Each structure stands twice: as structure tokens, then as C-alpha cells.
Amino acid sequence: MKKTFSHLIQDVQEQGKCNHCGGCVTFCSAVNYGALDIDENGKPCFSNIDKCLECGLCYSICPQTNELDEEIKQNAKWQEPLGNIIGISITRAKDNEIRQNGTDGGVVTAVLTHLFDSGRIDGAVVSRNTWHGRIPCLAKTKQEIINSAGSHFNSSQGMVQFAREYSTFSPSIKALSELRFNSLDRLAFVGTPCQIIAIRKMQALHIVPSDSIAICFGLFCSGNFFFNDTLFKNLEKEYQFQYDDIEKINIKDDFIFSLSSGKQIHIPVDKLAPVKRSACNFCKDFSAEYADISFGGLGAENGWTTAITRTSIGKAVFAAALEKVLVSYRVEDNPKYVTQAEKKIFAASERKKQLAQQNLADRETSGIRVIS
Ligand SMILES: Cc1cc2nc3c(=O)[nH]c(=O)nc-3n(C[C@H](O)[C@H](O)[C@H](O)COP(=O)(O)OP(=O)(O)OC[C@H]3O[C@@H](n4cnc5c(N)ncnc54)[C@H](O)[C@@H]3O)c2cc1C
Ligand code: SF4
Ligand code: SF4
Ligand code: SF4
């Protein structure tokens, strides 16, 4: 018997493992008949169970089930301990505007714009920053790609009128549903490791429109976090800063608020465990092991991005971008920079895998059921 959405509720949602990626709802075979919906908390649910075709697709593509694990490993030439690694580089964007707006070195945006300018993609699934958090978007122009870089706050948006809440989460897979109404057939997808796994599962099953995704850019990921007013108040008090002064948010070794004064507030990620999405406690992928290229700030100095090329397409795309739109970190400035970056990524990945293992074991023994 095929496992259906009822099993997803039991095996994923009730175990606190649903990361709200939206893959099940977006690609449900009965999407046009209204079998599934998303509730007010962003959690997929049955809207009409009788419309479910019991095809099993939602269960297979969910990044939190073990289905298709072997297929995606084989397709990605995955190997221990961190997936396939062709090369590690530290670079930043040549373009000043992209670099200024970038989360780290603006490398993701620079490579995307290079792909767009050279006609290799028609658009990209990215995510725009807002005062409340990130919103997925299907960027169809170069400017839309540039506008989605970084996590800056524009004070002209008038933040005071908004509640003090912020989420790092972007349900980017949902942006793919827009493809039904667009004729874009060569897209780049930017997302967290779990989202890249969901895309790889869809590609393993040749589910439309995953075949339109020409390249996957994965972001290193320690987790998704939800800040509310109470948390902001506590952090303001403890770290002596004002919410209104936050200019930029980033996650690297720590969670980092860059303030308008130029000061940076570093908050250890462990300290934010209470506001981390439950599913992230069971996640074993830090470095986007199934991406074509993975990007993060870890291992690089401020203003630079670490990139791991993992597939032949990723290698070719990155090499072409390096010639035109990227600047490499100078070996003379630190001859050991690649080894140091590799060690840090390895350590962060190991930590995440061990934590997930421990949390899974604790869950098994406690038998607690959580609806996330
Ligand atoms: C939730 C989250 C956790 C992260 N944790 C770490 C970490 O622990 N350590 C680390 O080194 N790096 C982490 N990163 C990656 C890091 O923040 C940068 O995204 C990365 O270094 C690329 O920087 P850049 O300047 O080259 O990219 P940019 O040129 O700024 O481009 C970033 C791209 O990512 C897209 N994007 C941003 N946020 C999201 C999101 N939530 N979902 C999908 N797409 C998004 C943007 O639309 C843009 O296209 C994390 C990113 C996210 C989103
Ligand atoms: S129709 Fe298929 S994909 Fe949709 S909920 Fe039912 S089993 Fe899942
Ligand atoms: S993790 Fe994604 S695919 Fe799995 S149940 Fe949650 S929203 Fe659906
Ligand atoms: S830690 Fe990151 S990759 Fe893992 S489930 Fe959370 S958001 Fe997804």
C-alpha cells in the first residue's frame, strides 16, 4: 500500500519534523481538486480528504521521509561525510552594488545574474527580505534577482507600523506553483538544504515542473528561527541594542545583527534553540549536500562567501562566473584559507548530524508526539 498524506501527518508532522517546505501541497496530484491546503500556521493539512487519490507522491517527495534517499544519493554522487565535493572557493562579487547588498559576498546573486545575462536561465526562485521575514519569489528579471540579495532592512519601509516579528524561513518551493502560469523552462533554484532535497526527490520522479530547474544553489543552514516581540525585548536588554537599529541579519558561526552604527551583535545559535523550527532539530544537512553549488559565510572573512562546487554543472557555472563576475580571495592574505574553511564546515556538519541523531534517539525513547 502506498503511503499517503495521512502517513505524512503521522510520520512527519506528529513527530515535529515538518519544515513547512510546502512540497506536498504544491505537487499534490490532486492539487486542482483541492485535496490539500495550508493552515493558518503554514502547516499542510487535508482540505478534502475524499479528493486524495492515494497516489503516494506527497510522501515520496517529502524531505523528511527516507523515500528515494538512495536514488538522490546516486544521482548526486553523494559520499561520506559531506556529499560530493569538487572544490571549495572563497570569493565575492565584483559588482559593488551586489556586494553591498549581499548577505556575505553577494556571490549567489552575482552567479545568478551572470547565468541570466548569458541566457542560461530565464529566471530564478529566490526570496525577498521584508520586515516580517522572507517571501519566496520567482524572479524573471535581472533586477528582481538583485533585489532579492541579502537580508537588509530598508528604513524607508517604515518599520514602526509593523509588529516586531521576524522569520528567516522562506517557503520557496511554493514559488514553483507559479510555473504553471509561466513558460519559464530553465530556472535556478536557491534554497536551504531541505528544500534542495525536496527538489532532488521531485527530479528523481521527473515531476513537472522540477524538470525546469536547471541548477540548484543550496545555502549552508543552522536552522530557521522565529523572532517575536518578547524575544527581541530580551535580546535588546541582554545585548544592549535597539531593534530599530538593525540593518542586516545573517547566520554564520553565530546569528548576527548588523546595526546602523556599524556594530555587530553576535548571538550564539544554541541560545536561539527555543525559537528554532522543530524540524530543524532533526535535520542532518548543514552544507546543502545535494546542491550543484553550496554557499555560506562560514569559513570566510566578513564580506566573502564560501562556495562548494559539487556537480559538473556546478563546477562549469562557477568557473565561468569566476572569470566574469567574481573575485577570488587572495592566497597571499591567508595561504591556509581553504583548509580552514573545510575544517569549519566539517565541524559544523558533524555537530548538526550528531545533534539530529541525539534528538531522534530522545524522541524514540520519549515517544512524544508533537504537531509542528
Ligand atoms: C535559514 C538560513 C540559515 C543559514 N545558516 C547559515 C549558517 O549557519 N552558516 C552559514 O555560513 N551560512 C548560513 N546561511 C547562508 C548565508 O546566510 C548566505 O545566504 C550565504 O552565505 C550566501 O551569501 P551571499 O552573499 O553569497 O548571497 P546573496 O547574494 O545575498 O544571495 C542570497 C540568496 O539566498 C536567497 N535566500 C535568502 N534567504 C533565503 C531563505 N530563507 N530561503 C531561500 N532562499 C533564501 C536570496 O533570495 C538570494 O538569492 C543561511 C541561510 C539561510 C537562509
Ligand atoms: S493525491 Fe497523492 S499527493 Fe495528493 S494528498 Fe493524496 S497521496 Fe498525497
Ligand atoms: S516537510 Fe514539506 S513535504 Fe514534508 S510534510 Fe512538511 S511541508 Fe509537506
Ligand atoms: S536546518 Fe535548515 S535545512 Fe534543515 S530543516 Fe531546518 S531549514 Fe531545512
Checklist entry - Tally time: how many residues in region 225-253 are touching a helix residue (DSSP H, G or I) at 6+ places or on another chain (Cβ under 6 Å) and within 16 Å of ligand 4 (Cβ to nearest atom)? => result 2
Checklist entry - So which residues in region 95-117 are surrounded by fewer than 23 Cβ atoms within 10 Å (Cβ to Cβ) and farther than 14 Å from Leu322 by Cα, if there are any at all? => result Asn96, Glu97, Arg99, Gln100, Asn101, Phe116, Asp117
Next on the checklist: I need every pair where a residue in region 334-348 that is open to solvent by 40 Å² or more (accessible area, probe 1.4 Å) has its Cβ under 6 Å from the Cβ of a residue that is at pLDDT 90 or above, sequence separation at least 6 or different chains.
Outcome noted: Val338/Ile88; Glu342/Ile88; Lys344/Leu298; Lys344/Gly299
Checklist outcome for this item: Given (1) open to solvent by less than 10 Å² (accessible area, probe 1.4 Å); (2) at pLDDT below 95, Ala307 misses just (2)
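Give region 197-250 a look and list any residue that's assigned to a strand (DSSP E or B), hydrophobic (A, V, I, L, M, F, W, C) and open to solvent by less than 50 Å² (accessible area, probe 1.4 Å), or say none. Full working, then the answer.
Going through region 197-250, the residues assigned to a strand (DSSP E or B) turn out to be 213-219, 225-227, 246-250.
With the extra rule that they be hydrophobic (A, V, I, L, M, F, W, C), the set shrinks to 213-217, 219, 225-227, 246, 249.
Matches in region 197-250: Ile213, Ala214, Ile215, Cys216, Phe217, Phe225, Phe227, Ile246, Ile249.
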Item to check | region 182-193: number of residues that are open to solvent by 10 Å² or more (accessible area, probe 1.4 Å) and in contact with a Cys (Cβ under 6 Å, 6 or more places away or on another chain) | outcome: 1
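Residues of region 54-86 being near ligand 2 (Cβ under 9 Å from one of its atoms) and within 16 Å of Ile207 (Cα to Cα), which ones?
Narrowing region 54-86 to residues near ligand 2 (Cβ under 9 Å from one of its atoms): 54-61.
Answer for region 54-86, where residues must be near ligand 2 (Cβ under 9 Å from one of its atoms) and within 16 Å of Ile207 (Cα to Cα): Cys55, Gly56, Leu57, Cys58, Tyr59, Ser60, Ile61.
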Next on the checklist: Which count do you get for residues in region 1-46 that are open to solvent by 10 Å² or more (accessible area, probe 1.4 Å), hydrophobic (A, V, I, L, M, F, W, C) and more than 14 Å from ligand 4 (Cβ to nearest atom)?
Outcome noted: 11
Item to check | Single condition Ala279 does not satisfy, out of (1) open to solvent by less than 40 Å² (accessible area, probe 1.4 Å); (2) assigned to a helix (DSSP H, G or I); (3) free of Cβ contacts under 8 Å to residues at least 60 places away in the same chain | outcome: (3)
Item to check | Residues of region 165-181 classified as open to solvent by 50 Å² or more (accessible area, probe 1.4 Å) and either at pLDDT below 80 or not in a loop (DSSP other than H, G, I, E, B) (or both), total | outcome: 4
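Out of region 330-367, which residues are charged (D, E, K, R) and part of a loop (DSSP other than H, G, I, E, B)?
If the condition is that a residue be charged (D, E, K, R) and part of a loop (DSSP other than H, G, I, E, B), then Arg330, Lys336 are the ones that fit.
Residues that are at pLDDT 95 or above: find the strands (runs of 3 or more DSSP E) completely inside region 1-117 holding 3 or more of those. Reasoning before the result, please.
Values: elements: 36-38, 44-46, 87-93.
Counting at least 3 such residues, we get 87-93.
The values are calculated or read from the model by the stated rules, or taken from the named source; none is laboratory data. In this text, all values refer to a predicted model and were calculated from it rather than measured experimentally. Virtual Cβ from ideal backbone geometry, glycine too; neighbours counted across all protein chains shown. Side chains included, ligands, DNA and RNA excluded: accessible areas come from the protein's heavy atoms. Shrake-Rupley method; radii C 1.70, N 1.55, O 1.52, S 1.80 Å.
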